[in-house]
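J.: After the structure tokens below, expect a handful of questions from me.
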Amino acid sequence: MSRITARPVAVPRVVADTAPTKGAEAAQPAPASQTWAPSATRVVRPAATPAPTEVATRYFEAFSRADAAAMASLYAPNATFQDPIYSLESGPAVGSMWTKLFKAGKDLHLSSKVLSESGDTVKVAWVADYRVFGRPVHNEAVSQLQVREGKIVSQRDDWSWSKWAKQALPLGPLVDFAPVKALLLAVLRSG
């Protein structure tokens, strides 16, 4: 069990700078060892925070390499993610999703282009070609990323469920039939 002990600390005497009054002796300044002066302080500045476009560029570069760990490192702990399949509420959950998707998908070829930046929001168009469940998929999407302090805090990916599902799943137009779609989404989310 540790004990807390206190040591006496010398408190410097503060001397007011006053003019001598009639009949009084002039106030003598205290010796330098007894006066207080602020010590030199070291100012630590945070590293420059990357611009939202730079974060988006890093993100899509990692995406093109199927590097889920690098992508996950760019999400804030409380980041949200939404697309036609997933709705996630934390950065670790989003990172885990990408890890699972990269294990399921093969032969990823991705291209991306920043469309716009407005404040902390970046829009990026991207095209991914890959194989999932042994089937070729061509997916065109637009991501809207909200970036604060160098981290993605919100991401919304818009792409066509119908086009994607008809390519990825051998069910044709059934993928848009409400009960089938609900079942497929439940299976995909649990995977």
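J.: Which count do you get for residues in the range 110-127 that are farther than 15 Å from L145 by Cβ and in contact (Cβ under 8 Å) with a residue 40 or more places away in the chain?
T.: Here the count works out to 2.
J.: Go through the range 145-165 and give me each residue that's touching a strand residue (DSSP E or B) at 6+ places or on another chain (Cβ under 6 Å), of a type outside the set (D, E) and in a strand (DSSP E or B).
T.: Answer for the range 145-165, where residues must be touching a strand residue (DSSP E or B) at 6+ places or on another chain (Cβ under 6 Å), of a type outside the set (D, E) and in a strand (DSSP E or B): L145, Q146, K151, I152, V153, S154, Q155, R156.
J.: From the set of residues in the range 138-191 that are touching a residue at least 60 places away in the same chain (Cβ under 8 Å) and on the phi > 0 side of the Ramachandran plot, which is nearest to the chain's Cα centre (by Cα)?
T.: The selected residue is G150.
J.: Same structure, new question: For the range 113-128, name all the residues that are of a type outside the set (A, V, I, L, M), open to solvent by less than 60 Å² (accessible area, probe 1.4 Å) and in a strand (DSSP E or B).
T.: Correct list: S116, T121, W126.
J.: Among (1) polar (S, T, N, Q); (2) in contact (Cβ under 8 Å) with a residue 24 or more places away in the chain; (3) within 26 Å of L185 (Cα to Cα), where does S87 come up short?
T.: Single failed check for S87: (2).
Residue-wise test of (1) of a type in the set (D, E, K, R); (2) out of contact with any Pro (no Cβ under 7 Å at 6 or more places or on another chain).
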position: F63; (1), (2): no, yes
position: A69; (1), (2): no, yes
position: Y75; (1), (2): no, yes
position: P84; (1), (2): no, yes
position: S90; (1), (2): no, no
position: V94; (1), (2): no, yes
position: W98; (1), (2): no, yes
position: A104; (1), (2): no, yes
position: K113; (1), (2): yes, yes
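J.: Among the residues of the range 66-73, is there at least one that is in contact with a strand residue (DSSP E or B) (Cβ under 8 Å, 6 or more places away or on another chain), open to solvent by 30 Å² or more (accessible area, probe 1.4 Å) and in a strand (DSSP E or B)?
T.: no
J.: May I pose another question? Here are some conditions: (1) part of a strand (DSSP E or B); (2) at pLDDT below 95. V142 meets all but one. Which one does it not meet?
T.: (2)
J.: (1) over 24 Å from A182 (Cα atoms); (2) among the acidic types (D, E); (3) crowded, with 18+ Cβ neighbours inside 10 Å: which one isn't true of D157, the others all being true?
T.: Exception for D157: condition (1).
J.: Restricting to the range 94-104, name every residue that is crowded, with 17+ Cβ neighbours inside 10 Å and either more than 27 Å from D176 (Cβ to Cβ) or not aromatic (F, W, Y) (or both).
T.: Answer for the range 94-104, where residues must be crowded, with 17+ Cβ neighbours inside 10 Å and either more than 27 Å from D176 (Cβ to Cβ) or not aromatic (F, W, Y) (or both): V94, G95, M97, L101.
J.: Same structure again: Go through (1) out of contact with any Lys or Arg (no Cβ under 7 Å at 6 or more places or on another chain); (2) modelled with pLDDT under 60 one by one and return the number of the condition A93 breaks.
T.: For A93, the failing item is (2).
J.: Next question. Scan R189, R148 and give me the residue that is open to solvent by 70 Å² or more (accessible area, probe 1.4 Å), at pLDDT below 95 and charged (D, E, K, R).
T.: Result: R189 is the single residue among R189, R148 that is open to solvent by 70 Å² or more (accessible area, probe 1.4 Å), at pLDDT below 95 and charged (D, E, K, R).
The values are calculated or read from the model by the stated rules, or taken from the named source; none is laboratory data. Just so we're clear, the structure is a prediction, and the values are computed from it rather than from any experiment. Positions of Cβ are backbone-derived with ideal geometry, glycine not excepted, and every protein chain shown enters the neighbour counts. Side chains are part of the model used for accessible areas, which takes the heavy atoms of the whole protein and leaves out ligands, DNA and RNA. Shrake-Rupley method; radii C 1.70, N 1.55, O 1.52, S 1.80 Å.
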